[in-house]
Amino acid sequence: MVGAPARSAPVAVGGLDPGAVDPLEFERGRLDLSTHPFCSGFATGDVRLTTRVNERDLRGCVFGIIHEAGHGLYEQGIDPKLERTPIGHAISLGIHESQSRLWENIVGRSRPFWKHFLPKLRKVFPEQLKGVKLEDFVFAVNEVTPSFIRVEADEVTYNLHIVLRYELEKALIAGTIRVQDLPRLWNARMKELFGITPRRDSEGVLQDIHWAMGLYGYFPTYSLGNLYSAQIWKRARKDIPDVEGRIARGELVVVRDWLRRKIHAPGRTYPAAYLPTASSFSMTCSVLSLMVRITYMSPSGKVRSIQDTGSDLFYRRSFSNSVMGEIIGLGIEL
């Protein structure tokens, strides 16, 4: 880690108490700085998060923390009685990513969330956020635009980043492309999918740590996590009365505790298909696609319409992509 303080205490990134971002228990975890955000769960009592800071744009830092905290909440939520047993772990990578993507996007980018937290953030950045209205801020954190960096991508374009990586790693494993071909092929596919070309490999093929760690096949779990998160949230809205209103009052623990009961605590006791929330699982894009369209098109949604943001093309590419169909076909256990 880079610049990790030698103490077990949360770091106030950008002056904002990390405990205010997600209901993570910092007596059982910590937050530090690194070049790439990640979460490591060594035990339910030792969960470590990192983030990075762009001093000109707080979105990457804030949503990076919320994403990794979603992972951390899963790790902390596994029943301690299961520790050191074969079932004392998360069910699958796809379900793990559903937790991070649920907190990052469905909760963290929502209007109710920022109704509560924007005043707190304004106290930290009084000059930068002076006069910024809630609706304008929510629009800004949901801006739809082609971007180079996967972890900072919006909900509409995100899955296209996964399509790019999945296509290339499949070809690598099949031996139809060489490692030295990756930068050229990456840039060409970025141009096809997004209409932009990376200026340097650090915002292109070298931006992620997965392949360097040997994590081939991991990227599809992010898209599966997106699918599961939408379906889990559909069930949560039925089970938790006035959940959006409670989020708007800062009552995030009610969401955490519901997830803990339904998903986290059992560990691997059940296969994913037998989770209490799994009755609504469907291996299609339909629920996520509908949620994204409502989010970006409804007058009561987070931002203006997909057409107004000029992103209808990216929406159609994301949810009508044959590679996404193949990723969905990988199944619920990934």
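The values are calculated or read from the model by the stated rules, or taken from the named source; none is laboratory data. Note that the structure is a prediction, hence the values are computed from the model and not measured. Here the Cβ is made from the backbone with ideal geometry for all residues, glycine too, and neighbour counts use every protein chain on show.
Key figures for this structure:
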| read-out | value |
| --- | --- |
| Residues of region 228-247 satisfying the condition of being buried (at least 19 other Cβ atoms within 10 Å of the Cβ), small (Gly, Ala, Ser) and modelled with pLDDT of 90 or more | SER229, ALA236 |
| Members of region 104-129 found to be more than 18 Å from VAL254 (Cα to Cα) and among the hydrophobic types (A, V, I, L, M, F, W, C), listed by number | LEU118, LEU121, VAL124, PHE125, LEU129 |
| Flag for ILE162 being assigned to a helix (DSSP H, G or I), out of contact with any helix residue (DSSP H, G or I) (no Cβ under 7 Å at 6 or more places or on another chain), β-branched (Val, Ile, Thr) and more than 17 Å from HIS36 (Cα to Cα) | no |
| Count of residues meeting criterion [over 18 Å from TYR228 (Cα atoms), assigned to a loop (DSSP other than H, G, I, E, B) and aliphatic (A, V, I, L, M)] in region 82-137 | 3 |
| Residue match in region 202-209 (condition: part of a helix (DSSP H, G or I), in contact (Cβ under 8 Å) with a residue 40 or more places away in the chain, under 24 Å from CYS39 (Cα atoms) and out of contact with any Leu (no Cβ under 9 Å at 6 or more places or on another chain)) | yes |
| VAL163, sole failed condition from (1) at pLDDT 95 or above; (2) closer than 30 Å to ALA273 by Cα; (3) aliphatic (A, V, I, L, M) | (1) |
| Condition met for LEU252 (closer than 16 Å to PRO112 by Cβ and surrounded by 18 or more Cβ atoms within 10 Å (Cβ to Cβ)) | yes |
| Condition met for GLY225 (modelled with pLDDT under 95, small (Gly, Ala, Ser), out of contact with any strand residue (DSSP E or B) (no Cβ under 7 Å at 6 or more places or on another chain) and not in a helix (DSSP H, G or I)) | no |
| Qualifying residues in region 162-186 (those that are in contact (Cβ under 8 Å) with a residue 40 or more places away in the chain and under 25 Å from the mean Cα position of the chain (by Cα)) - the one surrounded by the most Cβ atoms within 10 Å (Cβ to Cβ) | ILE162 |
| Meets criteria (crowded, with 20+ Cβ neighbours inside 10 Å, touching a residue at least 40 places away in the same chain (Cβ under 8 Å) and either part of a helix (DSSP H, G or I) or not aromatic (Phe, Trp, Tyr) (or both)) for GLU143 | no |
